[in-house]
1. Pairs only if they're at least six apart or on different chains, beta carbon under 7 angstrom, first in segment 29-42 and among the basic types (Lys, Arg), second not in a helix (DSSP H, G or I); list them, first residue then second.
2. Regarding Thr45, is this residue of a type outside the set (A, V, I, L, M) and open to solvent by less than 60 Å² (accessible area, probe 1.4 Å)?
3. Going by the conditions given, is Ile207 part of a loop (DSSP other than H, G, I, E, B) and touching a Ser or Thr at 6+ places or on another chain (Cβ under 8 Å)?
4. So which of Ala91, Ala112 is within 11 Å of the chain's Cα centre (by Cα), small (Gly, Ala, Ser) and surrounded by 14 or more Cβ atoms within 10 Å (Cβ to Cβ)?
5. Among all residue pairs at least 6 apart or on different chains, which show Cβ distances below 8 Å where the first residue, located in segment 108-137, is within 15 Å of Leu92 (Cα to Cα) and at pLDDT below 90 and the second is of a type in the set (Asp, Glu) and open to solvent by less than 60 Å² (accessible area, probe 1.4 Å)?
6. Of everything in segment 23-36, what is open to solvent by less than 30 Å² (accessible area, probe 1.4 Å) and at pLDDT 90 or above? Give them in sequence order.
7. Working only within segment 1-27, note down all residues that are β-branched (Val, Ile, Thr) and over 19 Å from Leu64 (Cβ atoms).
8. Does segment 65-74 contain at least one residue that is under 30 Å from Gln142 (Cα atoms) and touching a strand residue (DSSP E or B) at 6+ places or on another chain (Cβ under 6 Å)?
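The values are calculated or read from the model by the stated rules, or taken from the named source; none is laboratory data. Values in this document were obtained by computation on a predicted structure and should not be read as measured data. Cβ placement follows ideal geometry from the backbone for every residue including glycine, while neighbour counts extend to all protein chains displayed. Just the protein is used for accessible areas: all its heavy atoms, side chains included, with ligands, DNA and RNA removed. Shrake-Rupley method; radii C 1.70, N 1.55, O 1.52, S 1.80 Å.
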Amino acid sequence: MKILICDDHQIVRDGLKKILQQLPDITIEEVGDVKEALNILKSNTFDIILQDISLPDRSGLDVLQFVKNKSPNTNVLMLSMHPLEQYAIRALKLGASGYLTKNTAAEELIIAINTISKGEKYISKLLAANMATHLNDNKHEQKHDILSGREFEIMINLANGKSLLEIGNEYFISNKTVSTYRSRIMTKMNFRKNTELTKYCLENKLI
């Protein structure tokens, strides 16, 4: 089994590699950002990709979209510090095979990998219950589905009241870049004020 780890923190990658070594007959490669991921994926294929959502250069959701367009049968397990069901729902809609938070126990990661390697989906029981409620409330395509992965992440942060500086620090980008993302989001969503954005996210249970 050939596995690619895409995470910007070396300590996380080292921890994942240690856990994965419990699996038989595996080959592991690792990258630290979206640019590296896209470069290696242009000339290589993997059975499973462990993909962080929040990366410095772009959203890991963009890697997911690239992978599913290039190789639909590749299994992508999304890893995130966000336990919120809206991230999992978006990832699964884009073709992810599963979604785990980074505080997941090692045993659950192994179970998840074994599950998705059989062509099945994997999410935790708690997240599945929360998602079921969320999906029942939002059965149709939603307005925010037009946003890119990074735009979606920044919209959630803005709706949660974070400043441009706080968001920039989280994603290692400048205030100007965050402001540019905000302008794109407001244009795509046809909002004029942050209060409209926040109201939308509350109404759609995104925060």
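1. Going by the 7 Å Cβ cut-off, the qualifying pairs are Lys35/Asp57.
2. No.
3. yes
4. Answer to the check: Ala91.
5. Ser124/Glu108; Leu127/Glu85; Asn130/Glu85; Met131/Glu85; His134/Glu85
6. Within segment 23-36, Leu23, Val31, Gly32 meet the criteria.
7. The answer is Ile11, Ile19, Ile26, Thr27.
8. Scanning segment 65-74, I find at least one residue that is under 30 Å from Gln142 (Cα atoms) and touching a strand residue (DSSP E or B) at 6+ places or on another chain (Cβ under 6 Å), so the answer is yes.
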